[in-house]
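Read through the structure below, which is laid out as structure tokens, and then see the notes.
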Amino acid sequence: MLKRHLLIAPLLAALAACGAVTGDKPPAGLSRYHGDRFQLDYPSDWGVREGKAGSRPSVQFNGPSRDDGTRSAEVQVIDWGDWRNSLLDKLVQFRGAAPRSGYEIEKEEPVMVSGAEAAHRFHYSTEIKTVTGAKVRMRLTETFVLTEKRRLLDVIARSPEGTAGKERLATILGSFAVEEKDGWFGDR
């Protein structure tokens, strides 16, 4: 019996780090977004905008603006809708398109996301030109999440290279959990 208890504590700690265990309230300084497909904790001083990414429903969480025309960090969740293919199909598609988009994939890994059937994360970087004309190297983490109801969610986290946004984004991504309800904010 003691062996079981010794195994459970580290397992719960690992699950919490992956976002698989969420409390009733977000940690201090964070707010919790509850959508019809997911929940996520984000800094309370960030802006939240529901809208579209192309023709797909999306929610964007924006950190403070910087002088170079970027934000300190931002997260966007895009609902690709019903996904009739495997998650592997999306991963192969992304790997093929990344170099053509100027993305340099540095690492990829399967990840655990609470409430998801499967999830896979890419870490990559690219250079952008901002509205101020500045060229800024951006670090991105993109997680493709296949829900149990066979919907594909795309979670993109961005921050300028060399900023403190990386740790903040890790906290936000760790809180992401799938919560499938019947509607979606774009359907209202």
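The values are calculated or read from the model by the stated rules, or taken from the named source; none is laboratory data. Note that the structure is a prediction, hence the values are computed from the model and not measured. Here the Cβ positions follow ideal geometry from the backbone for every residue, glycine too, while neighbour counts run over all protein chains shown. To get the accessible areas, we keep the full protein, side chains included, count just its heavy atoms, and leave off ligands, DNA and RNA. Shrake-Rupley method; radii C 1.70, N 1.55, O 1.52, S 1.80 Å.
Can you tell me which residues in the range 52-76 are part of a strand (DSSP E or B) and on the phi > 0 side of the Ramachandran plot? Reasoning before the result, please.
Let us first name the residues in the range 52-76 that are part of a strand (DSSP E or B), namely 52-53, 56-62, 65, 71, 74-76.
None; the set is empty.
Given the options 31, 72, name the one that is touching a strand residue (DSSP E or B) at 6+ places or on another chain (Cβ under 9 Å), hydroxyl-bearing (Ser, Thr, Tyr) and modelled with pLDDT under 90. First the steps, then the outcome.
Values: 31 fails: modelled with pLDDT under 90.
None of the other options fit; the residue is 72.
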Discussion item. Checking the structure you have, find out if any residue of the range 155-170 is open to solvent by less than 40 Å² (accessible area, probe 1.4 Å), under 13 Å from the mean Cα position of the chain (by Cα), farther than 11 Å from residue 73 by Cβ and not hydrophobic (A, V, I, L, M, F, W, C).
Written reply: no
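Here's the yes/no breakdown for (1) under 14 Å from the mean Cα position of the chain (by Cα); (2) within 21 Å of residue 53 (Cα to Cα):
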residue	(1), (2)
86	no, no
91	no, yes
102	no, yes
110	yes, no
113	yes, no
Worksheet entry | Residues of the range 131-154 classified as part of a strand (DSSP E or B), over 30 Å from residue 85 (Cα atoms), open to solvent by 20 Å² or more (accessible area, probe 1.4 Å) and in contact with a Ser or Thr (Cβ under 9 Å, 6 or more places away or on another chain), total | 1
Discussion item. For the range 55-70, give me each residue that is farther than 23 Å from residue 149 by Cβ and over 16 Å from the mean Cα position of the chain (by Cα).
Written reply: 64, 65, 66, 67, 68, 69, 70
Worksheet item: Any idea which of (1) more than 13 Å from residue 144 (Cβ to Cβ); (2) over 16 Å from the mean Cα position of the chain (by Cα) is the one residue 98 doesn't satisfy?
Response: (1)
Response to the item:
When restricted to 176, 122, the only residue more than 24 Å from residue 99 (Cα to Cα), modelled with pLDDT of 95 or more and crowded, with 16+ Cβ neighbours inside 10 Å is 176
